[in-house]
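All remarks here apply to the structure that follows.
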Amino acid sequence: VVSEPSLSVLSSPLPSPHSSLLTPHSPLPSPFPRPSLVTIPTRRYSLAMPKPPAARTLVLDAAEQRLLDYGPSGLILDAVAADAGVSKGGLLYHFPSKEALIEGLTERMLAGFDARQDELAEGDAEEGGAYTRAYLQSTVTPRGEAADDSARLMAGLLACMGGDRARLDAVRARFSRWQARLEGADGVDPVAATIVRLAADGLWLSSLLGLPGLTKKHAAQVLARLEDMTRAE
C-alpha cells in the first residue's frame with residue numbers, strides 16, 4: 001500500500017540549479033513547463049463582422065434608410081446597429097455618439113453631391129458651363145423633381161441638427177464653395193450661373209416641401225431654358 005505523501009514533503013521546495021538566485025519573495029520554479037498564453041476572443045467579438053470600412057458604410061446606409069423611413073425619431077443607435085448587422089460596440093467604434101452619426105451622414109451626403117458634380121462635369125464635352133450644368137443635373141431630374149432622396153434626407157438631418165450652429169455652418173460653407181466655383185471658374189456669365197443654381201435649389205426645395213410640381217411639358221421647357229443659360233454666349 002502506498003501511503004499518501006506527508007505535508008512536509010509536499011511543501012518542501014523543489015530543487016533547482018538556480019535556487020541560489022531566488023529571493024525570499026520569488027516564486028518557486030515549477031516542474032512543469034509553463035503553457036504559452038493564448039488570447040481567445042469572447043463571443044461578443046468573435047462573431048463574423050465586416051471589415052471596419054465596410055461596417056462604417058453599412059451603419060451609414062442603415063441610418064440613412066431609417067431617417068428616410070421614420071424621420072429623426074427613427075435614428076436610434078440600437079435600431080441602426082441591428083439594421084446594419086453590427087454590434088452596438090461596432091457602431092460606437094465608428095460613431096461614438098448620435099451626433100457623430102448625424103455628422104457622418106451629413107458629410108457623406110455633401111461629399112456624394114460633390115463627387116456627382118465632378119463626374120458629370122468631367123464627362124461634359126461642351127466648352128464652358130460644365131459645373132453649372134452638373135449642379136443642375138445633380139439637383140433635379142428632367143421632370144423638375146429632386147434628383148434623388150437628398151431633399152428628404154436633408155430635411156431629416158436639419159431636424160436632427162436643431163440649433164447646432166457648427167453643423168449648420170458646415171453645410172452653409174459647402175454651398176458657398178459651390179457658388180464660388182460657379183462664379184469664378186465655369187466659363188459662363190456668373191449671374192446666369194447663379195440664376196440656374198437658385199432655380200435648381202428652388203425645384204429641389206419644392207420637392208422637399210411637397211409643393212405642387214410642374215407638368216411634364218412645363219418641366220421640360222423650364223429645364224431646357226435653364227440648360228441654355230449654362231452655355232457661353
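Would you confirm whether or not the range 84-100 contains a residue that is surrounded by 14 or more Cβ atoms within 10 Å (Cβ to Cβ), hydroxyl-bearing (Ser, Thr, Tyr), at pLDDT 90 or above and not in a helix (DSSP H, G or I)?
yes
Residues LEU203, LEU214, LEU182: which one is over 26 Å from GLY104 (Cβ atoms) and in contact with a Phe, Trp or Tyr (Cβ under 9 Å, 6 or more places away or on another chain)? First the steps, then the outcome.
Details: LEU203 fails: in contact with a Phe, Trp or Tyr (Cβ under 9 Å, 6 or more places away or on another chain); LEU214 fails: in contact with a Phe, Trp or Tyr (Cβ under 9 Å, 6 or more places away or on another chain).
LEU182 is the lone residue from the list that is over 26 Å from GLY104 (Cβ atoms) and in contact with a Phe, Trp or Tyr (Cβ under 9 Å, 6 or more places away or on another chain).
Conditions tested, residue by residue: (1) among the acidic types (Asp, Glu); (2) in contact with a Leu (Cβ under 8 Å, 6 or more places away or on another chain); (3) modelled with pLDDT of 95 or more.
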{"site": "PRO50", "(1), (2), (3)": "no, yes, no"}
{"site": "PRO53", "(1), (2), (3)": "no, no, no"}
{"site": "LEU58", "(1), (2), (3)": "no, no, yes"}
{"site": "ASP69", "(1), (2), (3)": "yes, no, no"}
{"site": "GLY74", "(1), (2), (3)": "no, yes, no"}
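From the set of residues in the range 195-233 that are surrounded by 14 or more Cβ atoms within 10 Å (Cβ to Cβ) and of a type in the set (Lys, Arg), which is farthest from SER176 (Cα to Cα)?
ARG231
Going through the range 193-231 one residue at a time, which ones are more than 34 Å from the chain's Cα centre (by Cα) and either within 21 Å of ASP118 (Cβ to Cβ) or outside any loop (DSSP other than H, G, I, E, B) (or both)?
Within the range 193-231, LYS216, LYS217, HIS218, ALA220, GLN221, VAL222, ALA224, ARG225, ASP228, MET229, ARG231 meet the criteria.
Could you list, in sequence order, the residues of the range 57-67 that are over 17 Å from GLU107 (Cβ atoms) and either surrounded by fewer than 16 Cβ atoms within 10 Å (Cβ to Cβ) or among the polar types (S, T, N, Q) (or both)?
Across the range 57-67, the qualifying residue is only GLN65.
The values are calculated or read from the model by the stated rules, or taken from the named source; none is laboratory data. All values reported here derive from a predicted model rather than from experimental measurement. Cβ coordinates were reconstructed from backbone atoms using ideal geometry, including for glycine residues, and neighbour counts include every protein chain displayed.
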